[in-house]
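Data block below; observations after.
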Amino acid sequence: MSKKGYRIEKDSLGDVQVPINALYGAQTQRALDNFTVSGMTMPRAFIHALGLIKSACAVANTELGGLAPDVSKAIQQASEDIIQGHYDDQFPIDIFQTGSGTSTNMNANEVIANLASKQLLSCVLPNDHVNMSQSSNDVIPSCIHLSAALSLNNHLLPALDQLIQVISTKAKTLTDEIKTGRTHLMDAMPLSFAQELGGWQAQVLQAQQRLQDVQPRLHKLAIGGTAVGTGINAPAGFANRVCDELARRTGLPLVVTDNFFGAISSQDTAVELSGQLKTLAVALIKIANDLRWSSSGPLTGLGEVCLPALQPGSSIMPGKVNPVIPEAVVMACTQVIGNDCCITLAGQSGNFQLNVMLPLIAHNLTQSLKLLTNSALLLANKAILDMKVNHHRIESNLAQNPILITALNKVIGYEQGTIIAKQAYAQNRRILDVAIEVTGMDAKELEKLLDPHKLI
């Protein structure tokens, strides 16, 4: 770009060339010049939450007499435009930046100040007006909590509701479908498909409950602690007023943290939330892999269920269809597990009064919430909802299952049961037929004792 494509902005370090059409200013440009690590920018959900915080701070500063009403109104309108995503392209700073997220905070301050100045036709300053009563050190931790709380409440928890409902509805249609159970991937005693799906449902419900348990701590914000937790330059009542305004805007029960020093110097709640997201990821992987195994084949695998055929499965083998949704979910959830490790390591970087890996935590936490939201919806709507049971295959497998002899342990004993099971395996015969032959018991009595419907 030629020099004509730039304007000159100034900060405490001197002059900076900024693209002429950019809404940001000198500090954002310095960050763009300095941080050329990944090309990945801060998550949109995080930037939108940052807009909410800037708007709420403007409201609080005006009510407490620190900010002129017309300036406050202009800041609120500019912040609203950011909340609505109108200027997402004006937040280009790399995730791997200053550990406090100061560059992103100043990016927001500069964009909002520029927009507000144009609206007001007078100078609105990034630091003195938009950042009034704030520090990056309390804004960014608050934004991590707020963006995660919104994603959890508005997206992930409803997605889990959908998954739970779909599993429950499908299970009710499969109460009479009895299948061979498997432990160690080997044949075991029978159970119904409804019971198997009930296990999935319990896992998702428990994961959902764990996430709900985190919410009260996630709703506590560090705003008002400013630089190190003492609240320097923030007027009395500022933190409470900001949280009240954010609660009004979002519908979440947001409150001021119990301790500013802990909230600014640590990210323990983010680590806790990430751990529960990892637990959910593990549960979804279990469900997805059950679906993969159950639909394997269809001729030489288990072939117990048929998943919706969504796309051709091979570029060379005609007619092949793969379990693409479970595979995508397993990959997404594996990424969440990796994110949790990263967040854990970042969480321990709270040196003295500030954690210095905040942008990394924000990125990974936001990504995990999004991946799990979409994974839950995919499993529900594109795999389980229209899953079909292969009645012939499960009935055939069940009839051939020698492990059913377990039901006779109290009648004939474990040792004789072992002999019958091994003979049935070796001769590839129905367990009922071998049991009749070996025990000499009445066929109707044995048929009754070995009825899979009575063994679940």
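Only the coordinates and a few stated rules stand behind these numbers; no lab work does. Note that this is a predicted model, so its numbers are computed, not measured. Note that each Cβ is placed from the backbone with ideal geometry, even for glycine, and that neighbours are counted across all protein chains shown.
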Exercise for the section: For the chain, find the longest principal axis of its Cα atoms and tell me its angle to the long axis of helix 157-172, 0 to 90°, nearest 10. Expected result: 10 degrees
Exercise for the section: Considering Cα pairs under 8 angstrom that are at least six residues apart, work out the relative contact order of the chain and quote it in whole percent. Expected result: 16 percent
Exercise for the section: Measure off 7 Å from each Cα along the Cα-to-Cβ vector at Leu121 and Arg249, then give the distance between these two points in nanometres to one decimal. Expected result: 2.7 nm
Practice task
Sort all Cα-Cα distances of region 22-132 into consecutive 5 angstrom bins from zero, then give the percent of pairs in each bin up to the one containing the longest distance.
Solution key: 2, 14, 25, 24, 18, 10, 5, 1, 0
Handout entry: Candidate lysines for bridging to Lys4, where Cα separation is under 25 Å - those fewer than 8 sequence places away on the same chain excluded
Key = Lys118
Completion exercise
One finds the C-alpha centres of region 2-39 and region 319-364 to be spaced, in Å, by 31 Å
Exercise for the section: Give me the number: length gained by fully extending Asn351 to Gln17, i.e. 0.36 nm times residue separation minus the C-alpha to C-alpha distance, one decimal in nm. Expected result: 116.8 nm
Handout entry: Fully extended contour minus Cα-Cα distance, from Met40 to Ala202, at 0.36 nm per residue
Key = 54.6 nm
Completion exercise
With +1 on the Cβ of every Lys and Arg and -1 on the Cβ of every Asp and Glu, the dipole magnitude of region 301-401 about its Cα centre, in debye rounded to the nearest 20, is 160 debye
Problem - Relative contact order (%) - criterion: Cα under 8 Å, at least six apart; region: region 22-132 - result: 38 percent
Exercise for the section: Could you size up the charge dipole of region 22-132 around its Cα centre, putting +1 on the beta carbon of Lys and Arg and -1 on that of Asp and Glu, and report it in debye to the nearest 20? Expected result: 40 debye
Handout entry: Rounded to 10°, Cα long-axis angle of helix 414-427 versus longest principal axis of the chain
Key = 90 degrees
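Taking every pair of Cα atoms in region 167-301, average 1/r, invert it to obtain the Kirkwood radius, and report Rg/Rh to two decimals.
1.24
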Problem - q = 0.09, 0.11, 0.20 Å⁻¹: log10 I(q)/I(0) that the Debye formula gives for region 239-395, counting C-alpha atoms only - result: -0.46, -0.61, -1.19
Completion exercise
On the formula 1/(1 + (r/R0)^6), with r taken between the Cβ atoms of Arg429 and Thr169 and R0 of 41 Å, the FRET efficiency rounded to 0.05 is 0.60
Practice task
Let me know the charge dipole size of the chain about its Cα centre in debye, to the nearest 20, where only the beta-carbon of Lys, Arg (+1) and Asp, Glu (-1) is charged.
Solution key: 500 debye
Exercise for the section: Answer with one residue from Thr300, Ile405, Pro235: the one whose Cα lies farthest towards the positive end of the charge dipole of the chain, charges on Cβ with Lys, Arg +1 and Asp, Glu -1. Expected result: Thr300
Problem - Inter-probe distance in nm under a simple model that places probes 7 Å from Cα toward Cβ, at Met331 and His391 - result: 3.7 nm
Handout entry: Label-point separation, Ala236 to Glu447 (7 Å along Cα→Cβ), nm
Key = 8.8 nm
Exercise for the section: Whole number please: convex hull volume per residue, Cα atoms of the chain, in Å³. Expected result: 182 Å³
